[in-house]
1. With a 1.4 Å probe and all protein chains left in place, how much accessible area per residue does segment 5-307 have, in Å²?
2. Under the classification rounded if a/c is under 1.5, otherwise prolate if a/b is larger than b/c and oblate if not, where does segment 5-307 fall, given a ≥ b ≥ c as square roots of the Cα gyration tensor eigenvalues?
3. Tell me, what HN-Hα J-couplings in whole Hz come from the Karplus equation 6.51 cos²θ - 1.76 cosθ + 1.60 at θ = phi - 60° for each residue of segment 123-131, using x for Gly and Pro?
4. Sort 78-86, 122-130 by packing, meaning the average of other beta carbons within 10 Å per residue, with the highest value first.
5. Going 7 Å from the Cα of Arg276 in the Cα-to-Cβ direction, what parts of segment 187-230 have a backbone nitrogen less than 20 Å from that spot?
6. At R0 = 22 Å, how high is the FRET efficiency between Gln36 and Leu227 if r is their beta carbon distance? Nearest 0.05 is fine.
7. Within the accessible area of segment 5-307, what % is carbon and sulfur when the probe is 1.4 Å and the other protein chains stay in place?
8. Rank-order 207-213, 97-103 by packing density, defined as the average count of other C-beta atoms within 10 Å over each peptide's residues, highest first.
Amino acid sequence: MSLQPASVSIDLDNLWCYLKTQGEPGWETFPSYLDQVTPRILQRLERAGIKATFFIVGRDASRVENWSALRSIADAGHEIANHSFDHDVSLSGFSRHELHRDFSRSEAAIQDATGQMPIGFRGPGFCMSALMKEVLFHRGYKYDASSLPTFLGPVARLYFYFFSKLSAEEKKKRSSLYGGVAGAFRKLRPHAIEGDFMEVPVTTMPLARVPMHLSYLLFLAQQSEALAGLYWQTAVGLCRVAGVGPSLLLHPTDFLDANDVPEMDFFPAMRMPADRKMAMVDLTLQSLTCYWQTGTVADHAQAHLPAEALRPLFAEEVPVTASFSA
Ligand SMILES: [Zn+2]
């Protein structure tokens, strides 16, 4: 029996992204840890035999000092996708014109840096809007991966507000960060949004709808690694019972500690040694390859295409009636 599809993605949020979101000074010069963290991520994926999807921020791709790290990802055969130009978590409030501008800048920079044109997108901080999806569809994207079907978004936002140095006005701008309670009722499996344009949600635990990506596991592991392991095994068990092939999300912070990046001491689990974090990454990747056919988000989306989208489209026979307005 062939295995069901699953996927692994990495939101390649850079040091300056975290400093900017947190309201810490120094982000304006776009400090980068990509040269340091990229080889670690690639090594772990290679060891697990997985081709994954890297969501890259356009600003990083526009800076030549990041090119060798970004090129190494493409050269290793991974998928390159778009994570917006400036990692602005208020993107869901952008106008149509502003969205087109953001996406085209990001696409051009990513293509220059990696030679790949992205066909997938994930909003920074899981932000999304109907207009964002419509603009992506019209730009020829094949999938969006911004959905995080959980009710814990507002809790994560409060936690972030509590520890950040942002002004009240800055916090207001980030009011959609991590999504709202309604997220718990979103679909868990990849599904078509329009024609062959798909949504591939970041998987949360079936039934409980609590996040199961690495940042959350490491947050738990700070208290008890045994508890984090049990949490992960429960999540895997529920995904198997529910027939959901997970789309697992990783971040650079899953591969780094406060010795590597002292500026990020404020971030959860940064005092846990990087070696122990990466052992947990290995464990989760092993579980995926054991139970599922694990690959890129593009492959995951493709495997869930509805039958009608798989039919060859002959212009004279099948009228294309997209319900999105141009
Ligand atoms: Zn991000």
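1. 40
2. The shape class here is rounded.
3. Values, residue by residue: x, x, x, 6, 6, 7, 8, 4, 5 Hz.
4. 78-86, 122-130
5. Residues 213-230 qualify, since their backbone N sits under 20 Å from the label point.
6. The calculated FRET efficiency here is 0.15.
7. Within segment 5-307, the accessible surface is 56 percent carbon and sulfur.
8. Going by the mean number of other Cβ atoms within 10 Å, highest first, we get 207-213, 97-103.
The values are calculated or read from the model by the stated rules, or taken from the named source; none is laboratory data. Computed from a predicted structure; not experimentally measured. Glycine also receives a Cβ, built like all others from the backbone with ideal geometry; neighbour counts cover every protein chain displayed. Keep in mind that these areas ignore ligands, DNA and RNA; they rest on the heavy atoms of the full protein, side chains included. Shrake-Rupley method; radii C 1.70, N 1.55, O 1.52, S 1.80 Å.
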